[in-house]
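Student: Handing you a structure now.
The values are calculated or read from the model by the stated rules, or taken from the named source; none is laboratory data. None of the values given here were measured: they were computed from a predicted structure. All Cβ positions, glycine included, derive from the backbone under ideal geometry; neighbour counts span all protein chains shown. The protein model used for the area step is the full one, side chains on, heavy atoms only, and it has no ligands, DNA or RNA in it. Shrake-Rupley method; radii C 1.70, N 1.55, O 1.52, S 1.80 Å.
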Amino acid sequence: MEKLAYRDSITDLPNRHAMTRFFDSYEADVPAGVLFLDLDHFKAVNDTLGHHIGDLLVKEVGTRLKAFIDGPRQQVFRIGGDEFLVVLQAGDKEGAEQLAKDIFHHMKEPFLIEQNELYVTCSIGISVGPVRDQERLTLLKAADTAMYRAKALGKNQYCFYNEQIGHAQIRRLELEKDLRRAFEQKHFFLVYQPKWNVQTNSLSGFEAFIRWNHSRLGVVHPDEFIPVAEENGLIMPLTEWTLEAACSQCKEWMDKGIDQPVAVNVSLSLFRNDSLLDTIRAVLTQTGLPPDRLELEITESVVLHDVNDIMKQLTEIRELGIRIAMDDFGSGYSALGLLDRIPIDSLKLDRMFTSDIDKPVKQTMIQAIVLMAESLNVEVVAEGIEDPQHMALLRELGCHVMQGYYYSKPMQASAMEDWLNNAGRTVDKT
């Protein structure tokens, strides 16, 4: 009965009930180092190899972690799924950090499970502090929060909890709580940033960016709330709203004589439910915008997921007359080997190329990308242009379409019209 109640059936490690009993008997005045460990990409193992292999992997991880059980000084618990807790009694920051490094060392060797050689990494969140009463819950929550921060930073690393991480987690929870209501109450708005052709010294289109006017936090950037929308299933209606608002504004500008395309970012999750094409058709019909006045921006990582299906969807979208741009090219996953197959009209150079363009090696890389794009009949757009020197260098290297603060910050539609009537027409940007 004791074993059933306090031992995990897969790893034979102490379980969550044993953890509670352990902390109940912990000496109150002695601080502890708590390490919250979570396997990276464990879901992929279950999805591709099956839950049976996943269970065997958890068992093997538990076996390796048993090496860190050291009498009363250190204890290891399996608290559920692929999550483990390692407690260092009388712990301090230095001791907890060394313990994390030792765990990583034990985890780096491959796991051999039924002829499958698995290389598994983990993310560890660390908190150090008192264990008494409510502080125990705070300590555990802090380690959990720090672990998610380690995941966000790229996985396969450890992260200490601090106030900044705590504030970021509280902010994210608030965004999660308010997002659905914000969508229902239409607290979102669009801003637009112009693209400028330095060869013709003329406007070359706009990019639309969504913003959230939060009632308490102020204007929230999409980098914060788009991942939350994807997790909560709101990314599709949010994208539909963005497309409709951007296309409506573009049509309004066309009617005023400003005949330029508008670009809208779309995420990978929109391609997974096979409804993007129908959504675009419906929006174009509703707003009356010609298809060639809309451009969709995708990232390199999109085409690396189910390549054939993504290619098919992009081809169908492009056949409508809509332009496709690859955003942040060269910033992460490389789609270089697929560029001759991907149906795109333009490449947008990531800021990593333009921010330190003074370096000869960056200039060589940009020139190579421009030459490659020319051979594929693809336009190159440089992002993050902030001064005339960078613009002049890029022009020399063969890049003719620019976007960045040197021309304009993203603005709401009315301000953009003022910019077009004033700075956009009177300032020579060549």
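Student: How do the strands (runs of 3 or more DSSP E) wholly within region 32-119 filter down when requiring 1 or more residues that are open to solvent by 10 Å² or more (accessible area, probe 1.4 Å) and acidic (Asp, Glu): which remain?
Tutor: 32-39, 83-89, 116-118
Student: Give region 16-31 a look and list any residue that's in a helix (DSSP H, G or I) and of a type outside the set (Lys, Arg), or say none.
Tutor: 17, 18, 19, 20, 22, 23, 24
Student: Moving to a separate point now. Six or more apart or on different chains, Cβ atoms under 8 Å: show the pairs whose first residue is in region 272-291 and charged (D, E, K, R) and whose second is assigned to a helix (DSSP H, G or I) and open to solvent by 40 Å² or more (accessible area, probe 1.4 Å).
Tutor: none
Student: Looking at this structure, is residue 137 modelled with pLDDT of 85 or more and over 22 Å from residue 61 (Cβ atoms)? Break it down into steps so the answer makes sense when it comes.
Tutor: Numbers: modelled with pLDDT of 85 or more: no; over 22 Å from residue 61 (Cβ atoms): yes.
So residue 137 fails the test.
Student: So, one more: How many residues are under 15 Å from residue 214 (Cβ atoms) and either touching a strand residue (DSSP E or B) at 6+ places or on another chain (Cβ under 8 Å) or not aromatic (Phe, Trp, Tyr) (or both) when one looks only at region 169-196?
Tutor: Qualifying residue count, region 169-196: 19.
Student: Here's another thing I want to ask about it. Name every residue in region 315-345 that is open to solvent by less than 60 Å² (accessible area, probe 1.4 Å), modelled with pLDDT under 90 and part of a helix (DSSP H, G or I), in order of residue number.
Tutor: 338
Student: Among the listed residues 37, 99, identify the single one that is within 24 Å of residue 7 (Cβ to Cβ), in contact with a Phe, Trp or Tyr (Cβ under 6 Å, 6 or more places away or on another chain), in contact (Cβ under 8 Å) with a residue 60 or more places away in the chain and not charged (D, E, K, R).
Tutor: Working: 99 fails: in contact with a Phe, Trp or Tyr (Cβ under 6 Å, 6 or more places away or on another chain).
The unique qualifying residue is 37.
Student: Can you tell me which condition residue 160 does not meet? The list is (1) in contact with a Lys or Arg (Cβ under 8 Å, 6 or more places away or on another chain); (2) more than 13 Å from residue 36 (Cα to Cα), and all the others hold.
Tutor: (2)
Student: For region 210-224, give me the residue count where each residue is in contact with a His (Cβ under 9 Å, 6 or more places away or on another chain) and surrounded by 13 or more Cβ atoms within 10 Å (Cβ to Cβ).
Tutor: 5
Student: Same structure, new question: List every residue pair whose Cβ atoms lie under 8 Å apart, where the two residues are 6 or more positions apart in sequence or sit on different chains, the first residue falls within region 174-196 and is farther than 30 Å from residue 399 by Cβ, and the second residue, located anywhere, is of a type in the set (D, E, K, R) and outside any helix (DSSP H, G or I).
Tutor: Close Cβ pairs satisfying both conditions: 174/216; 188/211; 189/211.
Student: Would region 353-367 turn up any residue that is touching a strand residue (DSSP E or B) at 6+ places or on another chain (Cβ under 8 Å) and modelled with pLDDT under 85?
Tutor: The answer is yes, given that some residue of region 353-367 is touching a strand residue (DSSP E or B) at 6+ places or on another chain (Cβ under 8 Å) and modelled with pLDDT under 85.
Student: If I filter region 143-164 down to residues being over 18 Å from the mean Cα position of the chain (by Cα) and touching a residue at least 40 places away in the same chain (Cβ under 8 Å), which single residue comes out as most open to solvent (accessible area, probe 1.4 Å)? Outline the logic, then answer.
Tutor: If we filter region 143-164 for residues that are over 18 Å from the mean Cα position of the chain (by Cα), which is where we start, we get 143-144, 158-164.
Imposing the further condition that a residue be touching a residue at least 40 places away in the same chain (Cβ under 8 Å) reduces the set to 143-144, 158, 160.
Values: 143: 0, 144: 33, 158: 60, 160: 40 Å².
The residue in question is 158.
Student: Looking at region 357-405, which of its residues are part of a loop (DSSP other than H, G, I, E, B), free of Cβ contacts under 8 Å to residues at least 60 places away in the same chain and open to solvent by 50 Å² or more (accessible area, probe 1.4 Å)?
Tutor: 358, 359, 376, 377, 386, 405
Student: I would also like to ask the following. For residue 233, all conditions in the list (1) closer than 25 Å to residue 326 by Cα; (2) open to solvent by less than 40 Å² (accessible area, probe 1.4 Å); (3) among the small types (Gly, Ala, Ser) hold save one; what is the number of the exception?
Tutor: (2)
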